[in-house]
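Input: a single structure, listed below in structure tokens.
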Amino acid sequence: MRQKVYFKTFGCRTNVFDSQVMMSGLEDFDVTENEDEADVVVVNSCTVTNGADSHVRTYINQVERNIGAKVFLTGCGAHSKGESLFEKNKVFGVFGQSEKKEINTLLKKDSRFYQIGDLDFIDDSVVDDFVGKSRAFIKVQEGCNFRCSYCIIPAVRGDARSIDEELILDQVRRLGENGFGEFILTGTNVGSYGHREGRSIASLMKKMSQLKGVRRIRVGSMEPIQVSDEFKEILDEPWLERHLHIAVQHSSDDMLRIMNRRNRVKSDIELFEMLNDKGFGLGTDFIVGHPGESDALWTEAIENFKALKLTHLHAFTYSKRDGTPSAEMKEQINGNISKARMQELESIVTQNNIALRQSIEKQNIPLEVLIESQKENLFYGYDQYFNKITVESSDDLNGNWMSIENYEIREKNNYAKL
């Protein structure tokens, strides 16, 4: 009887793509979406924060206690914590991202192994399907050339390098033929795609939009300086999702300098004002409580933050990562202060998001929704502004595209009954 493999994916959409690559590479195993019946569990880990590492360790301990399956570790955490977990006999095998295409062979090994690979590989994997997904994730690059003082990711993903354009387009073409209509571009630093190679993320998206089946394209997190004049030229294209996630990380110039960031507040505000005027939903990453974030600095940051008019937020309190410059900085911020500051940000964004949804409704703009999941007669999806909607229906809507005009605005999401 063939063994069943369950994939537990932590972290970013790049990991989601990598998990699909591994699933498609299994020839002698069956993939299961039910971890309780798994003989083997592959943990595709994240290490962006201490909390991420903790979640991975906790999950591995739960598998050991409750399932007893053989555990393999990959992903970013394999580079930062893999050796210690391997030495403690918490996992049977550890392998890096460059080794994922060999997964069928690796899972058949009889002896324990630590095979970390290298950080210079360029992914040439092609995925024809996404198990359990309605949207397709397309990895366009690996690594990052930025050296933000708090970030460990370049150490576990390597420098920026781009995947061949024809390979990407071929993958989109195949997925479009298999019924996928929404494509999310992922990578460690998506906006750096094609850097120094005569290519760009904007030109890639234009070519993707011309392929059969492509209905909506969403680009993952970009840096403010990566929203180039060429990218601004595609802002009015109907296939571009009306939501952009642009990582500012902070709204004080002093903090941005401490963090070794390349963006500055004045230009960030100007960019976000332009995008807001065009009707985009706007998201960002924001680190609260980084060393040096004084009360006076925070007061300034909050005022600047309000000017960004953000409608979506991925905020987290600073997490010390060994080996990064920030880990050596003094003036650590009390955890309770950090949490209070994060709640302050979240409150502002919640109100901005409601205001955006009210504005959309007032303009009578239909919500173009891809239904992604369901629970009994409730169906869930995201509209073109990346706002979640719950649709109640007795019909099976899973995987369908819907244009919804009549709906109710609630605090955290929209709701429609058909």
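A few points about this structure:
- Relative contact order (%) - segment 366-417, alpha-carbon pairs under 8 angstrom, separation at least six: 37
- Remark on Thr317: its backbone amide H falls under 5 Å from those of Val288, a criterion applied only to residues 5 or more positions apart or on other chains, H modelled at 1.01 Å from N.
- Taking Cβ atoms as reference points and 12 Å as the exclusive limit, the residues near His55 contribute a net charge of +2, counting Lys and Arg as +1 and Asp and Glu as -1.
- The gain in end-to-end length when the Asp396 to Glu64 segment is fully stretched comes to 115.8 nm, 0.36 nm per residue minus the alpha carbon separation.
- Per-selection Rg to Rh, the chain - Cα, Kirkwood hydrodynamic radius: 0.96
- Distance distribution note for segment 237-381: the fraction of Cα pairs above 21 angstrom is 50%.
- Considering only beta bridges that DSSP places wholly inside the chain, some 30 percent are antiparallel.
- Among Ser347, Ser221, Ser373, the residue with the largest mean-square fluctuation in a Gaussian network model of the chain, with springs joining Cα atoms closer than 10 Å, is Ser347.
- Using the Karplus relation 6.51 cos²θ - 1.76 cosθ + 1.60 with θ = phi - 60°, the per-residue 3J(HN,Hα) values for segment 344-361 come to 5, 4, 4, 5, 4, 5, 4, 5, 5, 5, 4, 4, 4, 5, 5, 5, 4, 5 Hz, with x marking Gly and Pro.
- When both segment 354-415 and segment 90-108 are represented by their alpha-carbon centers, they are found 40 Å apart.
- Rounded to the nearest whole Hz, the Karplus-based 3J(HN,Hα) values (6.51 cos²θ - 1.76 cosθ + 1.60, θ = phi - 60°) of segment 308-318 follow the sequence 6, 6, 6, 10, 9, 8, 10, 10, 8, 6, 4, with x at glycine and proline.
- Cα gyration tensor category, rounded, prolate or oblate, for segment 4-115 with a/c compared to 1.5: rounded
- Length gained on full extension, Glu177 to Asp277: 32.4 nm, using 0.36 nm per residue less the C-alpha separation.
- Residue among Gly93, Gly292, Gly82 with the largest mean-square fluctuation in a Gaussian network model of the chain, springs linking Cα atoms under 10 Å: Gly292
- Among Val227, Val41, Val288, the largest mean-square fluctuation in a Gaussian network model of the chain (Cα springs under 10 Å) belongs to Val227.
- Estimated vicinal HN-Hα couplings, Hz - segment 163-177 in sequence order (Karplus 6.51, -1.76, 1.60; Gly, Pro = x): 7, 4, 4, 5, 5, 5, 5, 5, 5, 4, 4, 5, 5, x, 5
- In straight-distance terms, cross-link reach from Lys278 covers every one of the lysines whose alpha-carbon lies under 17 Å from its own, apart from those fewer than eight places away in the same chain; here that gives Lys232, Lys309, Lys362.
- Debye log10 I(q)/I(0) for segment 366-417, one point scatterer per Cα, at q = 0.32 Å⁻¹: -1.49
- Solitary cysteines of the chain, where the nearest other Cys Cβ is not under 4.7 Å: Cys12, Cys46, Cys76, Cys144
- Helical contribution to [θ] at 222 nm, DSSP H n ≥ 4, -39,500 (n - 2.57), averaged over the chain, rounded to 500: -9500 deg cm²/dmol
Every number here is computed from the coordinates shown, using simple stated rules; none is lab data. Since we're looking at a predicted model, the values are computed, not measured. Note that each Cβ is placed from the backbone with ideal geometry, even for glycine, and that neighbours are counted across all protein chains shown.
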